[in-house]
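The block underneath contains the structure these notes are about, expressed in structure tokens.
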Amino acid sequence: MNLVIIKGNRAELVRENGSLVNIITNDAISGQLNTKGDLIVITKTDGRVDLHRANGSFIRNIANNARDARFNGNDIAVTRNDGKTDIRRENGSYIRTI
């Protein structure tokens, strides 16, 4: 199983032993793999939430003006700067606000 770590504002995919698999993106503040380990959601310093494949390729922008994003099953929970949490599908479509 791989892990996403943030090292100096750079999101890296590493193995459990710490060896580098791939550099995902720069300007990241948080990142998380989904349960299958094939998708990564990254929150960037400018508030963008991006979805990447495990090989690092960009898929799409999920949201803007965000503080954090985490996988919630197959959906993505995006915490906005105003404190509210949006639930979005992997394709970025809005489901609801909590």
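The values are calculated or read from the model by the stated rules, or taken from the named source; none is laboratory data. Not measured: the values here are computed from a predicted model. Note that we place each Cβ from the backbone using ideal geometry, even for glycine, and neighbour counts take in every protein chain shown. These area figures cover heavy atoms from the full protein model, side chains too; ligands, DNA and RNA do not enter into them. Shrake-Rupley method; radii C 1.70, N 1.55, O 1.52, S 1.80 Å.
Here the 3J(HN,Hα) profile of region 7-15, calculated from phi with Karplus coefficients 6.51, -1.76 and 1.60 at θ = phi - 60°, is 10, x, 6, 10, 8, 10, 9, 10, 7 Hz, Gly and Pro shown as x.
Phi angles of region 75-80 translate, via the Karplus equation with coefficients 6.51, -1.76, 1.60 and θ = phi - 60°, into HN-Hα couplings of 9, 10, 8, 10, 8, 7 Hz per residue; Gly and Pro are given as x.
Summarised in one figure, the compactness ratio Rg/Rh of region 15-54, Cα atoms and Kirkwood Rh, is 0.97. The simple Förster model, with R0 at 35 Å and r as the Cβ-Cβ distance, assigns Asn17 and Arg89 a FRET efficiency of 0.55. Expressed per residue, the C-alpha convex hull volume of region 17-98 stands at 92 Å³.
For the chain, the share of accessible area belonging to carbon and sulfur comes to 42 percent (1.4 Å probe, ligands and nucleic acids excluded).
Solvent-accessible surface of the chain, averaged per residue with a 1.4 angstrom probe and all protein chains in place: 55 square angstrom.
Label-to-label distance, Ile59 versus Asp82, with points set 7 angstrom from Cα along the beta-carbon direction: 2.7 nm. State, as an integer percentage, the relative contact order of the chain based on alpha-carbon contacts under 8 Å between residues 6 or more apart. 16 percent.
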